[in-house]
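Novice: Quick one: this structure, given as structure tokens, is what I'll be asking you about.
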Amino acid sequence: MRHKLSLSTFPAGLRVADPLLYSVSPECGSPTFSPAVGAGSMTFADGTILGGDECTINLQVTADEIGVYVNSSEPVASAAGVGNAASATLRAGGRIYLPLAWK
């Protein structure tokens with residue numbers, strides 16, 4: 001089943017780090033995923049997440065200030081319906097790694 005996920009904009013002060021470092025788990029299929037250095041958001045489309053599987057994306061981001069950031073995504077959507085959203089609480093002290101997982 002093909003899924004489209006458009007992530008919400010990152011919290012203010014959080015952006016994709018330079019150098020660009022990310023990984024996408026095999027359970028995500030072959031998605032269209034191309035984060036841009038300096039961007040305050042990212043998108044994921046055309047992945048394949050089978051029922052009961054978990055798709056995990058790790059993306060290195062940079063925070064402007066030390067603090068706690070809560071990042072959330074929109075729910076996964078497909079022809080079969082709407083799935084779950086994802087969120088992560090980030091504690092920043094410079095560069096942090098942003099893990100998100102969808103089921």
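Novice: Please work out which residue is surrounded by the fewest Cβ atoms within 10 Å (Cβ to Cβ), limiting yourself to region 81-103 and to residues that are of a type in the set (A, V, I, L, M) and at pLDDT below 75.
Specialist: Residue satisfying both the conditions and the ranking: A101.
Novice: I would also like to ask the following. Return the total of residues in region 8-42 being modelled with pLDDT under 85 and under 20 Å from A80 (Cβ atoms).
Specialist: 5
Novice: Could you grab the pairs with beta carbons closer than 8 Å, sequence gap of 6+ or different chains, first residue in region 26-40 and within 27 Å of G52 (Cβ to Cβ) and part of a helix (DSSP H, G or I), second one modelled with pLDDT under 85 and hydroxyl-bearing (S, T, Y)?
Specialist: Final answer for the pair search is E27/T56; C28/T48; C28/T56.
Novice: Turning to a different aspect of this structure: Testing A45 on (1) within 12 Å of the chain's Cα centre (by Cα); (2) within 28 Å of R91 (Cβ to Cβ), one condition comes back false. Which one is that?
Specialist: Unmet for A45, out of (1) within 12 Å of the chain's Cα centre (by Cα); (2) within 28 Å of R91 (Cβ to Cβ): (2).
Novice: Which one is farthest from V24 (Cα to Cα) among residues in region 47-66 that are touching a Gly at 6+ places or on another chain (Cβ under 8 Å) and touching a residue at least 40 places away in the same chain (Cβ under 8 Å)?
Specialist: Result: E65.
The values are calculated or read from the model by the stated rules, or taken from the named source; none is laboratory data. Everything numeric in this text was worked out from a predicted model, so none of it was measured. No Cβ is skipped: glycine too gets one built from the backbone with ideal geometry, and neighbour counts run over all protein chains shown.
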